[in-house]
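Chemist: Provided herewith is a single structure, encoded as structure tokens, for subsequent inquiry.
The values are calculated or read from the model by the stated rules, or taken from the named source; none is laboratory data. Please read all numbers here as calculations on a predicted model, not as lab measurements. Virtual Cβ from ideal backbone geometry, glycine too; neighbours counted across all protein chains shown. Remember, those area values only see protein heavy atoms, side chains included, never the ligands or the DNA or RNA. Shrake-Rupley method; radii C 1.70, N 1.55, O 1.52, S 1.80 Å.
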Amino acid sequence: MNFENTLSFAKEMDASDPLHPLRKEFLFPQQNGKPFIYLCGNSLGLQPVSAREVMSKQLDNWQNLAVEGWFEGESPWMYYHKELKKLMAPIVGARAEEVCPMNTLTVNLHLLMVSFYRPDQKRFKIIMEAGAFPSDQYALESQVRFHGFDPAEAIIEIAPRAGEYTLRTEDIINTIADHADDLALVLFGGINYFTGQCFDMAAITKAGHEAGAIVGFDLAHAAGNVPLQLHDWQVDFACWCTYKYQNSGPGGIGAIFVHENHFTDNSMNRFAGWWGYQESIRFKMEKGFIAEPGADGWQVSCTQVMPMALYHASLLIFEKAGYMDPLRQKSLKLTAYLRFVIEQVNSALGFQQYQIITPAEDEQHGAQLSVIAKGDAKGIFNQLVANNLLGDWREPNVIRFGPAPLYNSFEDIYHTGKLLLQVCQEEAL
Ligand SMILES: *Cc1c(COP(=O)(O)O)cnc(C)c1O
């Protein structure tokens, strides 16, 4: 595609973008009476206009039905998660029975590891990416210790080669194969939060299984960002948060995937609670846990209606967008345009002021570009924010821009390029 770094070109791109009208379904934060250019959907997605209405409806239900709301009303709370399951499944390429909204991400990672990380003296190792999101590192280390193993021995981190920022698939696959004798689990991010690299989840799953291991993914940055086929890829389990690309609000509800291959495995450990108990007889309140079939059997506490209502508002917009294929088509163009305008800024300045560390190949990135800013990186970032551009900052010198195809426009990207140039020219004065 031939991009142009002009406002008229950006406006033409927006005019021919079938998803552009969805922008109006979101609320943009403001500063000094002007909306931000918001490129931070990778961290916290924007509020759907409809979020207030769905919350207000649930407050009405609570007010008018109170405890009867569990079984009465338009959409009784007892079964509310089933509506979400149907809407969520296409986002991650799963069957509705294989997904369930519940808890929050790191909590779910722990719950799933109780079931899927079953080390013994022979197979106890976990392979993960170096530089994974800290919560994942802490969760894995504590799980390993919980089973009486030493994280330094049990956790194998795959790091980029010297002088490189991202991982090569061959290095991941080879490391997995090298550990075919002692590997219990491969636990990878779908997309690395820092570099924005999207991993080859199908290849990693296949390699993990060939090595005799279980394969799970943390999809915090992948779910709602890139098309996923968790079922077809035979991924064993996954979990993700929904407040990033899926706009469910701060601390929004998390979600899990468990492949149906595991539904009949009764030997599986779990940390059980009453909400994972078989639904039809849950209120008999009897002794002896019997799991509800499917992902729902991993629920622990009673379902979180308010956070689900917020997530529901956003899921309906995904449905309206036609789910991940149209979103991905736009996302690839939007991110490519961002890459183009950043390179234009570098050309105008005559040096690589902004170094993009996210891989350029389509299949190796989602909606995020991570950029190393040379010189006073933090000063540049602060100037961008002062000028109404909100990306996010990662120590020591990385700015992440995450153009979300649901609500970002090509015009946003054009203005981003202009600002990236402007703040450097001002800096130089
Ligand atoms: C955002 C993110 C988290 C956050 O976990 P919470 O439990 O929702 O706070 C964890 N892991 C990864 C990879 C993330 O990107």
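Chemist: So, with a 1.4 angstrom probe, what is the percent of accessible area on segment 75-320 that is carbon and sulfur?
Modeler: Taking all protein chains in place, segment 75-320 shows 52 percent carbon and sulfur surface.
Chemist: Starting from the residue with the highest accessible area, list LYS378, LYS418, LYS330 in decreasing order, probe 1.4 Å.
Modeler: Numbers: LYS378 85, LYS418 110, LYS330 10 Å².
Result of the area sort, largest leading: LYS418, LYS378, LYS330.
Chemist: What is the sum of charges around HIS231, taking Lys and Arg as +1, Asp and Glu as -1, for the other residues whose C-beta is under 12 Å from the C-beta of HIS231?
Modeler: Net charge in that neighbourhood comes out at -4.
Chemist: What is the sum of charges around LEU46, taking Lys and Arg as +1, Asp and Glu as -1, for the other residues whose C-beta is under 10 Å from the C-beta of LEU46? All intermediate terms of the calculation are to be shown ahead of the outcome.
Modeler: Numbers: positive: ARG23; negative: GLU25.
Net charge around LEU46: 0.
Chemist: What's the extension gain from LEU27 to SER135 if we count 0.36 nm per residue and subtract their Cα-Cα distance?
Modeler: That works out to 36.0 nm of additional length.
Chemist: List the chymotrypsin sites (Phe, Trp or Tyr not before Pro) within segment 225-307 that fall in a DSSP loop (any state other than H, G, I, E or B) and whose Cβ has at most 13 other Cβ atoms within 10 Å.
Modeler: Listed in order of number, the matching sites are PHE271, PHE289.
Chemist: Right, something else. Label GLN355 and SER301 with points 7 Å out from Cα along Cα→Cβ: what is the distance between them in nm?
Modeler: 4.5 nm
Chemist: Continuing with this model, one more query. So how much slack lies between PHE289 and ASP171, counting 0.36 nm per residue of separation and subtracting their Cα-Cα distance, in nm?
Modeler: 38.2 nm
Chemist: Please work out the ratio of the alpha-carbon Rg of segment 41-83 to 2.2 N^0.38 Å and round it to two decimals.
Modeler: Ratio of Cα Rg to 2.2 N^0.38 Å: 1.41.
Chemist: If you add up the charges near GLY216, with Lys and Arg at +1 and Asp and Glu at -1, over every other residue whose beta carbon is less than 11 angstrom from its beta carbon, what do you get?
Modeler: -3
Chemist: Quick one: if you stick a label point 7 Å off each Cα along the C-beta vector at ALA66 and ALA152, how many nm between them?
Modeler: My value for the distance between the label points is 5.9 nm.
Chemist: Rank these residues by their accessible area, most exposed first, probe 1.4 Å: PHE28, PHE146, PHE381. Don't jump to the answer; show the numbers that get you there.
Modeler: On the way: PHE28 45, PHE146 135, PHE381 25 Å².
Heavy-atom accessible area, descending, gives PHE146, PHE28, PHE381.
Chemist: Hey, what did segment 75-320 get for relative contact order, percent, Cα under 8 Å, at least 6 apart?
Modeler: Relative contact order, segment 75-320: 25 percent.
Chemist: Also, I was wondering about something else. Sort 41-48, 169-176 for me by packing, meaning the mean count of neighbouring Cβ atoms within 10 Å per residue, highest on top.
Modeler: Top of the packing list down: 41-48, 169-176.
Chemist: Return one whole number: the accessible area per residue of segment 1-149 in Å², for a 1.4 Å probe.
Modeler: Accessible surface, normalised per residue, equals 51 Å².
Chemist: Sort VAL300, VAL67, VAL92 by accessible area with a 1.4 Å probe, largest first.
Modeler: Numbers: VAL300 40, VAL67 110, VAL92 0 Å².
Greatest to least solvent exposure: VAL67, VAL300, VAL92.
Chemist: Through the Karplus equation 6.51 cos²θ - 1.76 cosθ + 1.60, θ set to phi - 60°, convert the phi angles of segment 5-10 into ³J(HN,Hα) values in whole Hz; use x for Gly and Pro.
Modeler: 8, 10, 5, 5, 4, 4
Chemist: Any idea of the accessible area per residue across segment 307-429, 1.4 Å probe, to the nearest Å²? Mind showing how you got there, number by number?
Modeler: On the way: 4430 Å² over 123 residues.
It amounts to 36 Å² per residue over segment 307-429.
Chemist: So which of LYS57/LYS333; LYS85/LYS330; LYS11/LYS206 end up more than 32 Å apart, counting from Cα to Cα? Write out the running numbers ahead of the final one.
Modeler: Numbers: LYS57/LYS333 37 Å; LYS85/LYS330 25 Å; LYS11/LYS206 43 Å.
LYS57/LYS333; LYS11/LYS206, as the Cα separations exceed 32 Å there.
Chemist: Treat each spin label as a single point 7 Å out from the Cα along the C-beta direction, and report the ARG270 to VAL49 distance in nm.
Modeler: Spacing of the two 7 Å Cα→Cβ label points: 4.0 nm.
Chemist: Set the Förster distance to 56 Å, then compute FRET efficiency between SER56 and ASP362 from the Cβ-Cβ distance, nearest 0.05. Write out the running numbers ahead of the final one.
Modeler: Details: r = 41 Å, r/R0 = 0.73.
Calculated value: 0.85.
Chemist: Right, something else. Let me know the volume per residue of the alpha-carbon convex hull for segment 307-413, in Å³. Kindly include the intermediate steps, with their values, before the conclusion.
Modeler: Details: hull volume 13.9 nm³, N = 107.
Residue-normalised Cα hull volume stands at 130 Å³.
Chemist: With only alpha-carbon atoms in the gyration tensor, what are the semi-axes of the equivalent ellipsoid for the chain, in Å, largest first? If you can, show how the numbers build up before the last one.
Modeler: On the way: eigenvalues 279, 169, 58 Å².
Taking √(5λ) for each Cα gyration eigenvalue gives 37, 29, 17 Å.
Chemist: Take the Cβ-Cβ distance between ALA202 and TYR79 as r, set R0 to 30 Å, and report the resulting FRET efficiency rounded to the nearest 0.05.
Modeler: The calculated FRET efficiency here is 0.35.
Chemist: Continuing with the same structure: Please list, by residue number, every one of the chymotrypsin sites (Phe, Trp or Tyr not before Pro) in segment 322-360 that is coil in DSSP and has at most 13 other beta-carbon atoms within 10 Å. Working shown, then result.
Modeler: On the way: sites: TYR323, TYR337, PHE340, PHE351, TYR354; in loops: TYR323, PHE351.
Passing both the DSSP loop test and the Cβ count: PHE351.
Chemist: Looking at the calculated P(r) for segment 75-320, what percent of the C-alpha pair distances fall above 27 Å?
Modeler: 33 percent
Chemist: Still on this structure, please answer the following. Which shape class, rounded, prolate or oblate, goes with segment 77-164 when its Cα gyration tensor gives a ≥ b ≥ c as root eigenvalues, a/c under 1.5 marks rounded, and past that a/b bigger than b/c marks prolate?
Modeler: Verdict is prolate for segment 77-164.
Chemist: How much FRET efficiency would the formula 1/(1 + (r/R0)^6) give for LEU316 and SER16, where r is the Cβ-Cβ distance and R0 is 22 Å, rounded to 0.05?
Modeler: So the FRET efficiency works out to roughly 0.35.
Chemist: Relative contact order of the chain: what whole-number percent is it, with Cα pairs under 8 angstrom and at least 6 residues apart?
Modeler: Computed over the chain, the figure is 24 percent.
Chemist: What residue among LEU228, ALA202, GLY216 has its Cα farthest toward the positive end of the dipole of segment 177-232, where the charges are +1 on Lys, Arg and -1 on Asp, Glu, each on the Cβ?
Modeler: Most positive-ward Cα: LEU228.
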